[in-house]
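So the structure is just underneath, and the comments pick up after that.
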Amino acid sequence: MGKALDRLIELLDLEQIEVNIFRGRSPDENRQRVFGGQVAGQALVAAGRTVPADRPVHSLHAYFIRPGDTAVPIVYLVDRVRDGRSFTTRRVSAVQHGEAIFTLSASFHRPEPGPQHADSMPDVPPPEQVERNSDRLARLLDQAPRQPFDNPIDLRSVGPMSAEAARDPSLRTTQNLIWLRVDGELPDDPLLHVCLMTYASDMTLLDSVLLGHGMTWLDGSTSGASLDHAMWFHRPFRADRWLLYAQDSPVASGARGLAHGEVFTAEGELVVSVMQEGLIRSRPRSVRATQQS
């Protein structure tokens, strides 16, 4: 297991300070605010630790309310809304400086038999034939690739990355296909695999909005934030095996973009569905920057 993945798993291992109260921290880095996938993953850990292991999570709905402060811990307050015969419901509030920065509602369901069908996985090359995003981005920016690989999630875009589409209009699309997996072997803990996918689900979803407009987070004028996030977990999966994250954006309007994602195993089984709306703002580039470009 890589050091970056070790740090991420430690990040998701919350401290329980009361029956329904947990405390999490942010990584020691220079982010202006807490990464949305981090707080969503930690909140799901807090909810899951109050639910019997035989009831896996089947859905979550979350709102990002305020930017998180990376310098102080995050307190997660769990409300045990319902413990039914088949379903368990939890509501989690993430609190900093006395104010909620994030809320999550999660539903857990005892597995039952029923009808089954699913969309088919898109036809894509296998992950072994796709270059790592970190290497592509380093080449695009004329930088040396980071060695050793220090991202806990191995991301490999089948199509263009937003930074590439920003330079070449012919690459612009609202489709975003990415192979991903965590960088190492994980224990057989279903909640951990789900929480890691929750973390990873927020890393690239809004790129499907940017791709269609030639925008990138690296252009110095584009900024954004997740507003809400919903996930449905259909079947068990492992986050340390290759997963195809098929993402697209059906609409963008009013400085908000809607993104949709489906997660497939390498064998083609649909295991997770995702929806997110994000705030995307673009300010005019300065005259000097325009002259230099």
Positions within the range 8-27 being more than 19 Å from Ile101 (Cβ to Cβ) and surrounded by fewer than 15 Cβ atoms within 10 Å (Cβ to Cβ), in sequence order = Glu10, Asp13, Gln16, Glu18, Val19
Counting only residues in the range 30-64 that are hydrophobic (A, V, I, L, M, F, W, C) and modelled with pLDDT under 95, the one nearest to the chain's Cα centre (by Cα) is identified as Phe35
When the range 104-119 is checked residue by residue, the ones that are touching a strand residue (DSSP E or B) at 6+ places or on another chain (Cβ under 8 Å), of a type outside the set (D, E, K, R) and either open to solvent by 40 Å² or more (accessible area, probe 1.4 Å) or closer than 28 Å to Trp179 by Cβ (or both) are Leu104, Ser105, Ala106, His109, Ala118
Could you check the range 191-276 for strands (runs of 3 or more DSSP E) lying wholly inside it with 3 or more residues that are without any contact (Cβ under 8 Å) to a residue 60 or more places away in the chain and over 12 Å from the mean Cα position of the chain (by Cα)?
-> 243-253, 256-265
For strands (runs of 3 or more DSSP E) lying entirely in the range 54-153, having 3 or more residues that are closer than 21 Å to Gly261 by Cβ picks out 57-64, 99-109
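The values are calculated or read from the model by the stated rules, or taken from the named source; none is laboratory data. Please read all numbers here as calculations on a predicted model, not as lab measurements. Positions of Cβ are generated from backbone atoms using ideal geometry, with glycine treated the same way; all protein chains shown enter the neighbour counts. Calculation scope for accessible area: heavy atoms of the full protein, side chains included, ligands and nucleic acids excluded. Shrake-Rupley method; radii C 1.70, N 1.55, O 1.52, S 1.80 Å.
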